[in-house]
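A single structure is presented below for examination.
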Amino acid sequence: MAFKTLNLELKPFAAQGNGAIALAEDPVAPGWYVDPATGQHIFYDPVAGKFFTAAGGVYIPLSYMNPAPKQVAVAPGDRLMVSISFKYTGPAVTGVTGYYCIGTNGMFGFDEKLVQQTTFSIPQITTPPSYPNVTNSYIFTIPSNVGTNWDDIYVKIFGGSPSIGGQATTNYLFGYENALVIAGSQPTITEFKISDFAKV
């Protein structure tokens, strides 16, 4: 089995045994690739538009996951807004996809439990902004079957016209680990004991 070397910075990369090719968008060929930074073997599925680990989790380079600056407690039925922002300078871009995911990040990859997408446009900006000038968000409703380990969040943006990058190879990916505390999904009983006994 031949492994191709993947460069997630959208620069030329070498396919093992096949010479150098340029990767401007997602690879078109399904198959196994190697992340040159970690040596990890990952599989590209063009139907899903994602890379997967050998264990079946969605592959997210480790450098994109960060410790969460806070934790938010959520329970089934709660609504959780996840917002993104960034500084932008350049031409107008229409049809950008915002990809929002809640799940579990671990040694086997990211287990995506809740996934939603938005579509938004970016206006033409010619002067570099001093603060983030583009925002987008999605509001999740926490389902009744939420797992207590669904505590990680990641987001990415891709596509559009002109394209800002492919779905699997976008540079615009960011995640937080341990961002959520799942409450109320299971009965919780503490300090169970006999409170008293007396003749009556």
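The values are calculated or read from the model by the stated rules, or taken from the named source; none is laboratory data. Please read these numbers as outputs of a predicted model, since none were measured by experiment. Cβ coordinates were reconstructed from backbone atoms using ideal geometry, including for glycine residues, and neighbour counts include every protein chain displayed. Areas reflect the complete protein model, heavy atoms only, side chains present, ligands, DNA and RNA absent. Shrake-Rupley method; radii C 1.70, N 1.55, O 1.52, S 1.80 Å.
Would you check which residues across segment 56-82 are within 17 Å of L114 (Cβ to Cβ) and part of a loop (DSSP other than H, G, I, E, B) and list them?
Matches in segment 56-82: G57, I60, A68, A75, P76, G77, D78.
Which condition number in (1) basic (K, R); (2) surrounded by 13 or more Cβ atoms within 10 Å (Cβ to Cβ); (3) modelled with pLDDT under 90 is the one that K156 fails?
Exception for K156: condition (3).
Could you tell me which numbered condition T188 fails, if it satisfies all but one of (1) polar (S, T, N, Q); (2) outside any strand (DSSP E or B); (3) touching a residue at least 24 places away in the same chain (Cβ under 8 Å)?
Every listed condition holds for T188 apart from (3).
Also, I was wondering about something else. Within segment 105-159, track down each residue that is without any contact (Cβ under 8 Å) to a residue 24 or more places away in the chain, not in a loop (DSSP other than H, G, I, E, B) and not aliphatic (A, V, I, L, M).
Within segment 105-159, Q117, T118 qualify.
Can you tell me which residues in segment 66-95 are under 16 Å from the mean Cα position of the chain (by Cα) and open to solvent by 80 Å² or more (accessible area, probe 1.4 Å)?
Within segment 66-95, P67, M81 qualify.
Condition first: outside any strand (DSSP E or B) and touching a residue at least 60 places away in the same chain (Cβ under 8 Å). Now tell me which residues in segment 36-54 satisfy that.
The answer is G49, and nothing else.
How many residues are outside any strand (DSSP E or B) and open to solvent by 40 Å² or more (accessible area, probe 1.4 Å) if we restrict to segment 168-178?
Total satisfying the criteria: 3.
Determine if segment 99-109 includes at least one residue that is more than 16 Å from the chain's Cα centre (by Cα) and open to solvent by 30 Å² or more (accessible area, probe 1.4 Å).
Checking segment 99-109: not a single residue is more than 16 Å from the chain's Cα centre (by Cα) and open to solvent by 30 Å² or more (accessible area, probe 1.4 Å).
Rundown of residues vs (1) open to solvent by less than 50 Å² (accessible area, probe 1.4 Å); (2) hydrophobic (A, V, I, L, M, F, W, C), yes/no style:
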position: Q40; (1), (2): no, no
position: G49; (1), (2): yes, no
position: T53; (1), (2): yes, no
position: L114; (1), (2): yes, yes
position: T127; (1), (2): no, no
